[in-house]
Amino acid sequence: MKKAIITGITGQDGSYLAEFLLNKGYEVHGIIRRASTFNTKRIDHLYQDPHIIDGTARLFLHYGDMGSTGSLGDVIYDTKPDEIYHLAAQSHVRVSFDMPEYTGDVTGLGTTRMLEAVRRLDRGTRFYQASTSELFGSAKPPQSEETPFHPQSPYAAAKLYAYWMVENYRDGYGMYTVNGILFNHESPRRGETFVTRKITRALAAIMAGKQDKLFLGNLDAKRDWGYAPEFVEAMHMLLQQEKPDDYVIGTGESHSVRDFLDEAFGYADMDWTRYVEIDPRYFRPTEVDYLLANPTKAKEKIGWSPKVKFHELVRIMVDADLELMGLRHPGEGKKIIQERFEGWHRWENQVITMDK
């Protein structure tokens, strides 16, 4: 039985990845931060599922912190994993401008701490680094593995440091380390401060009479938005290749925040212009205007391509937030999941629970 460590297991990607790996027969170890309140809502349902073989549980959580070399090393040395999926980070771009030093320590140096522990373990552990399309910043689209990086935020700069450390450990020590340069990917488990979830959650609250206005920043920023469960499948695929390499993962389509508003409110037959107001507080000091993936390499070399399109993604998220508000919804999002992800990704109440 393969063993995998997931940092950031309580986040959107970590929860989907844990679900995916458990259904693949893995023993999964998640690293979580110790806190005064529980923050495991996205994975609580996994403890209720039969992820047990011969009476032995296959999901374990360990306390650790990206700023603590000792705690990370202890988990890695004790579990001796076959694969590590390093997803943990201070990942909110706007917040990184307010907390640049913390972002650099956790997002950048945290990756080095993980890599060094893997190097010292010396067991051939395969290491996946969650890189990001924010590395490209102001680079001209479409962006591929050959596009020069031009980060436009402390978050992106920290991720760029982590990207090059992954490259250095691969070249210098012969380790199996890969960068998955993932473009934006969303789901009903997306954090409520991220613009896509902020929109769908606000739409549901407005329809429920619990909110009057939605405050946003730059509506013209364009992003390549995909569906998170498909992207965690790509993460797994990258660690199954014969040789380690770096890959851009995205849909090859880009849409603006304004387009997302059109799709979400249009799906509910509402006019978003009646509810949305622009708030300068949500503008970044340096903006990334246009991200668009060229995922040709991933399609040709590992056989990965997305199934869920932009308008389908929006419907999945709107249905989920309407359901959380106790409102009736058209159900198209539920149907999409049932038809395309039968086997491991199920539409349950647990799928749409969020940390509060």
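The values are calculated or read from the model by the stated rules, or taken from the named source; none is laboratory data. Just so we're clear, the structure is a prediction, and the values are computed from it rather than from any experiment. Don't worry about glycine lacking a Cβ; one is built from the backbone with ideal geometry, like all the others, and counts go over all protein chains shown. What goes into the accessible areas is simple: the full protein's heavy atoms, side chains included, and nothing from ligands, DNA or RNA. Shrake-Rupley method; radii C 1.70, N 1.55, O 1.52, S 1.80 Å.
What pairs can you find where one residue is in the stretch 156-172 and within 17 Å of GLU134 (Cα to Cα), the other is surrounded by fewer than 22 Cβ atoms within 10 Å (Cβ to Cβ) and of a type in the set (Phe, Trp, Tyr), and their Cβ atoms are less than 8 Å apart, with a gap of 6+ or different chains?
LEU160/PHE149; TYR163/PHE149
So in the stretch 101-150, with the set limited to residues that are more than 17 Å from the chain's Cα centre (by Cα) and among the β-branched types (Val, Ile, Thr), which one is nearest to ALA234 (Cα to Cα)?
Out of the qualifying residues, it is THR125.
Which of the residues that make up the stretch 151-190 are among the hydrophobic types (A, V, I, L, M, F, W, C) and open to solvent by 30 Å² or more (accessible area, probe 1.4 Å)?
ALA157, LEU160, TRP164, MET165
Just to verify a result, which residue in the stretch 27-44, among those that are in contact (Cβ under 8 Å) with a residue 40 or more places away in the chain and touching a strand residue (DSSP E or B) at 6+ places or on another chain (Cβ under 8 Å), is nearest to GLU186 (Cα to Cα)?
Applying the filter and picking the extreme gives ASN39.
Which one of these is out of contact with any Cys (no Cβ under 8 Å at 6 or more places or on another chain) and within 24 Å of TRP304 (Cα to Cα): ARG197, ARG223?
After ruling out the rest, the residue left standing is ARG223.
Can you name every one of the helices (runs of 4 or more DSSP H) wholly within the stretch 224-326 that holds 2 or more residues which are among the hydrophobic types (A, V, I, L, M, F, W, C)?
228-238, 257-267, 310-324
Taking the condition of being within 16 Å of LYS297 (Cα to Cα) and among the hydrophobic types (A, V, I, L, M, F, W, C), how many residues in the stretch 213-242 meet it?
Selection size over the stretch 213-242: 6.
From the list LEU109, LEU135, exactly one residue is among the aliphatic types (A, V, I, L, M) and open to solvent by less than 40 Å² (accessible area, probe 1.4 Å). Which is it?
One residue alone meets the criteria, LEU135.
Could you go through the stretch 180-196 and let me know if any residue there is over 22 Å from the mean Cα position of the chain (by Cα), modelled with pLDDT of 95 or more and polar (S, T, N, Q).
Taking every residue of the stretch 180-196 in turn, none turns out to be over 22 Å from the mean Cα position of the chain (by Cα), modelled with pLDDT of 95 or more and polar (S, T, N, Q).
Would you mention how many residues in the stretch 69-83 are crowded, with 16+ Cβ neighbours inside 10 Å and out of contact with any Asp or Glu (no Cβ under 6 Å at 6 or more places or on another chain)?
Going through the stretch 69-83 one residue at a time, the tally reaches 9.
Restricting attention to the stretch 66-105, which residues are touching a strand residue (DSSP E or B) at 6+ places or on another chain (Cβ under 9 Å), part of a helix (DSSP H, G or I) and among the polar types (S, T, N, Q)?
If the condition is that a residue be touching a strand residue (DSSP E or B) at 6+ places or on another chain (Cβ under 9 Å), part of a helix (DSSP H, G or I) and among the polar types (S, T, N, Q), then SER71, THR79 are the ones that fit.
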